[in-house]
1. Take region 71-92 and flag every residue that is polar (S, T, N, Q) and at pLDDT below 80.
2. Just for region 383-421: of the residues that are of a type in the set (S, T, N, Q) and more than 25 Å from Q324 (Cβ to Cβ), which one is surrounded by the most Cβ atoms within 10 Å (Cβ to Cβ)?
3. Which members of region 288-319 meet the condition of being touching a residue at least 40 places away in the same chain (Cβ under 8 Å) and farther than 17 Å from A367 by Cβ?
4. For region 217-239, does any single residue satisfy the condition of being at pLDDT below 95 and closer than 30 Å to E294 by Cβ?
5. I need the full set of residues from region 498-547 which are closer than 20 Å to E400 by Cα, at pLDDT 90 or above and of a type in the set (V, I, T), in order please.
6. Would you check which residues across region 272-300 are within 34 Å of the chain's Cα centre (by Cα), among the charged types (D, E, K, R) and not in a strand (DSSP E or B) and list them?
7. Only one of (1) under 17 Å from I421 (Cβ atoms); (2) touching a strand residue (DSSP E or B) at 6+ places or on another chain (Cβ under 8 Å); (3) crowded, with 17+ Cβ neighbours inside 10 Å; (4) not hydroxyl-bearing (S, T, Y) fails for V380. Which number is that?
Amino acid sequence: MHTMVWASGHQLQGGKYIIEQVLGQGGFGITYKAKHLVLNNFVVIKTPNESLKHDPEYPNYIKRFIDEGQRLEQLSQNQHPNIVRIRDLFHEGGTYCLVMDFVRGDSLFTGVQQRGALPPKEALLYITQIGSALKIVHQAGLVHRDAHPGNIMIQQDGKAVLIDFGIAGETMPTTVSSKFFGNPGFAPHEQMRGDRKPYVDVYCLAASLYYAVTGKRPTESFNRKAYNMPLVPPIEHVPTISNQLNSAILKGMELEPENRPKTMQEWLELLVEEVTIWQKGRQLQNGKYTIEKEIAQGGFGITYLALDANKQRVVIKSLNETVQKRPDFAKLQQDFLNEAVKLAKCNHPHIVKVSEVFQEGILWCMAMEYIEGEHLADRVANTGVLRETEAVGYIQQIGEALTVVHNNALLHRDVKPANIIIDAKKQKAILIDFGIAREFIPSQTKLHTPYLSHCFAPIEQYQTLARRGAYTDVYALAATLYFLVTKKLPHPAVNRASGAVLEEPKSINSSLSNCVNKAILKGMELEPENRPQTMQEWLQLLRETPKQNSVQNKKYSARLSNTRINVNNGAIISFDYQIYLRRVLAFLLDGILCVFLAASIINEGGSSIYLFYDNLRKWITSNIYYSDIPSLFYIIIFFVSWLYFTLFESSSIQATPGKFIFNIVISDMKGKKVSFLQASWRFLLTFVFFDPQYKLFDTLEYQLYRLGLYLLSYYLIPSLFNKKRPLQDIISRTSVFIKKH
């Protein structure tokens, strides 16, 4: 049957796309290269093959084509760097079209045709990237089923991209796709019967690796199955490849699916070979660098001291042994490369200079300047607590450096005293060890690797899926300052989240100024939204002079935020007994005003109020077991108190007369104005809490007693209504009061 193919110049979507050429045509569809006229860039458009239209299963195939296009588009929303991005799905003249990015580069097939068999390390670099991508595809319920070398594009930066999802299908048996067999040299025999299980892609990718390291096509699975033709082990073609690599390829290409690894993860683990650790005397870059010794090793990277060609000391940073053994090593390596290039652009006097980014074998490396000096961790260990001016000076230098890092859309993620070195010559702080620096996008949630330093890492760094931003490094830098001025490690954030209380730095070092004390606690707020959101915001807290701070404290000396004990972030704020005494007097005055106001309404309310009262009293005495109770008095107390406190608390004044007279201003616990609804909720909740028998209308003495309890709770235990752990808050208040008084 003749199949219509769009010619060059054909326009789609009203001129949005214009066809450039046909890239390929197979049993399932036609692939075009097209130009997006608005964005002025090239795309790939995939359409179903019209020859399938008379197939009875064609409607089902089209439905799957649309469903899979939508699923692939969802994959693109959390873009995996090794999966081609889906950009559009539309219907044009009876034909469905899937629009994808046009990936520049050569296919793995073309690369092997031009160069011959690839070095095993290079081939593994490409295949493990694609394996990582296929894991994501499988998690979405799809199987590529055609991951052969022609569908693996290699870009100039070494990144491999999986393209052409033309025969991808749900992982459940169907009949329509069994008529097409993918690329027979790289497809398992069970694909002929329509299998769509992850082990199909395991075979395809193992066969692609076979081709990459040998330069030869493997024996077709159909011939192996039907005619018992043998698969020549790759090591017989290339004797220099390792036995481990040879075994992994053969295991992935087992003829029967039950003998293969069932998941891509299982097969990728078979590919992990010996790690690269360099010893003294090892030369890199053809003798440009010579390794002297290993300096340090962390959760992500390994650092070497080396000599360059001029016998000058340099530092070489690469990925460590643990990371090299991970099945997603290729992706981590790509991340390391991308971030190393960005860090090289972070030019600041307090950031270690990256002089070169290079590849040695399979490993990417950073060459950085060597700084002669002492780590802040060692300085504190040797000399003790640093003077406030010295400590703040170093922290401000590092804060300015981190601002530059953040402006380049990076996070350091491992700020701590051991990663800050004091230059012996210039006596300035230098931020080093960007081994776990990561790219971030403000307000976006991403998947993160859990590398951290416990006492300096914020709570969000313990979560694999979490939003991160400049406030992540703010916490770490504030924790570093905490250590410098106290010589004590702060509680890990994960412990604080479980109830551990952070000791106030000023209680450890009494010479610490209130300004620095508050800045540390603010920067170490447990919840990210409660911290300064940028590094500059936090540094500004450190720049407040003691004089400015004292004036501000005098002006707002009675603010609740200065006297509360914040259990939500674990930090104990100072307990001021005089302020609490003023608050007791304030609630007594407010209580008296409420009672007098209610009595005035009763006495002067007139006959209409009395009639309302009389009818209500009769209803209450006939429907509720109370009798001979002056109900109106309590009803009015309730409503007057509600309006009295709620209106004041939600107004711009945010203070009742009692609080105003005694210089007490109470907003909500975060210093924000409360709404009328929020204030009402707090008021009503208090009535229920302090009236366990729900005796809303009882004796006058009980009612006044309960009103007093309400006022006490409203003023003295405000965190009961605003904090996540009110009981811990009360216990903390009590313990501090006993300790100090």
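1. Answer for region 71-92, where residues must be polar (S, T, N, Q) and at pLDDT below 80: Q74, S76, Q77, N78, Q79.
2. Among those residues, the one meeting the criterion is Q397.
3. G298, G299, F300
4. No, that holds for no residue.
5. V516, I520, T534
6. E273, E274
7. That leaves (2) as the condition not met.
Residues checked against (1) modelled with pLDDT of 90 or more; (2) over 20 Å from K416 (Cβ atoms); (3) not acidic (D, E):
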residue	(1), (2), (3)
T276	no, yes, yes
I302	no, no, yes
L307	yes, yes, yes
A344	no, yes, yes
E372	no, yes, no
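The values are calculated or read from the model by the stated rules, or taken from the named source; none is laboratory data. If you're wondering where the values come from, they're calculated on a predicted model, not measured in any experiment. Glycine also receives a Cβ, built like all others from the backbone with ideal geometry; neighbour counts cover every protein chain displayed.
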